[in-house]
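No value in this document is a laboratory result; all are computed from the given coordinates. Remember, it's a predicted structure, so these values are computed and weren't measured experimentally. Backbone-built Cβ (ideal geometry, glycine too); neighbour counts: all protein chains shown.
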Ligand SMILES: Nc1ncnc2c1ncn2[C@@H]1O[C@H](COP(=O)(O)OP(=O)(O)OP(=O)(O)O)[C@@H](O)[C@H]1O
Ligand SMILES: [Mg+2]
């Protein structure tokens, strides 16, 4: 199953979600591949790959015909493999636009290794171009991490609109697995905290508008999530007892439940989505 983590707005937590959700699923014993589709390669760097050692990357596989089998590498987390991102992806639109069947390139390269994994998570760069279209076409489901701010809400409406147009216009067959609210402030003094009150208003608006598409689990703002990548660790290695680790475990459970729902083992969820 291919899950695409996408939002064209930057800094909403796509990479943090991709790395820690992949780690949570791998910790549960699922075979997971993280595909880093970002020229910044933040997910790869977070998982301990040195900048000088990113090659062979997803860019070389997608754009230069490098073998995906040879490019996939193990991480320091059991059951979690990685296809690194890299600067080659910065030219992906230019190169892909010259290739026949340009929207289906990622689907094509994932095909030979798809069955080796229970979950393949794709970390997208903050854009909506050919590379992201490739991810949406290759994906079975997508997840949107959002930050609870007014402008993020506007961005989400646009993103949903664009995906809907891809779905109808290009026959993209992908379902929204859920919207994840990330970077929610956590303080016991709600009434004294103006930022949190504003955030909670946005969360309410999101839940009113998107209903159950908004995941129940929220990821709170937590400095340990920012620190973990500099130690080349997931939150489960860096701070296993932290609230953030607990929230990502809970998120994985919720995602698994939804995926099972899409597989037909949970009729209620199927109807709900
Ligand atoms: N819940 C959180 N609490 C605190 N910091 C967070 C949280 N989630 C993400 N961050 C931090 O916010 C920054 C942006 O997060 P991240 O890189 O995951 O976003 P992104 O959507 O992948 O960004 P980009 O669009 O540039 O790819 C990073 O420094 C990350 O450590
Ligand atoms: Mg990122």
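Over all pairs of distinct alpha carbons, what does the Kirkwood formula give as the hydrodynamic radius of the stretch 34-100, in Å?
It is 11.9 Å.
How large is the convex hull of the C-alpha atoms of the stretch 29-177 per residue, in Å³?
In the stretch 29-177, the Cα hull volume divided by residue count equals 124 Å³.
Out of every Cα-Cα pair in the stretch 1-73, what percent are more than 19 Å apart?
Of all Cα-Cα distances in the stretch 1-73, 39 percent exceed 19 Å.
Compute the acute angle (0 to 90°) between the alpha-carbon long axis of helix 14-27 and the principal axis of greatest extent of the alpha-carbon atoms of the chain; round to the nearest 10°.
Its long axis makes an angle of about 80 degrees.
For the chain, what is the relative contact order in percent, using Cα pairs closer than 8 Å and at least 6 residues apart in sequence?
Computed over the chain, the figure is 24 percent.
Among 257, 160, which comes first, then next, by fewest other beta-carbon atoms within 10 Å?
257, 160
Could you state the number of Å between the C-alpha centres of the stretch 103-152 and the stretch 1-18?
Taking the Cα centre of each part, the stretch 1-18 and the stretch 103-152 sit 8 Å apart.
What percentages, rounded to whole numbers, describe P(r) for the stretch 168-256 computed over all alpha carbon pairs with 5 Å bin width beginning at zero?
3, 12, 18, 18, 19, 15, 9, 4, 2, 1
Once the Cα gyration tensor of the chain is found, what semi-axes does its equivalent ellipsoid get, as square roots of 5 times the eigenvalues, in whole Å, sorted largest first?
Equivalent ellipsoid of the chain: 28, 22, 18 Å, largest first.
Within 10 Å of each residue's Cβ, count the other Cβ atoms and sort 16, 218 from fewest upward.
Ranking 16, 218 by Cβ neighbours within 10 Å, fewest first, gives 218, 16.
With 10 angstrom as the radius, rank 44, 22, 55 by how many other C-beta atoms surround their C-beta, starting from the fewest.
Ordered from fewest to most neighbouring Cβ atoms within 10 Å, 44, 22, 55 come out as 55, 44, 22.
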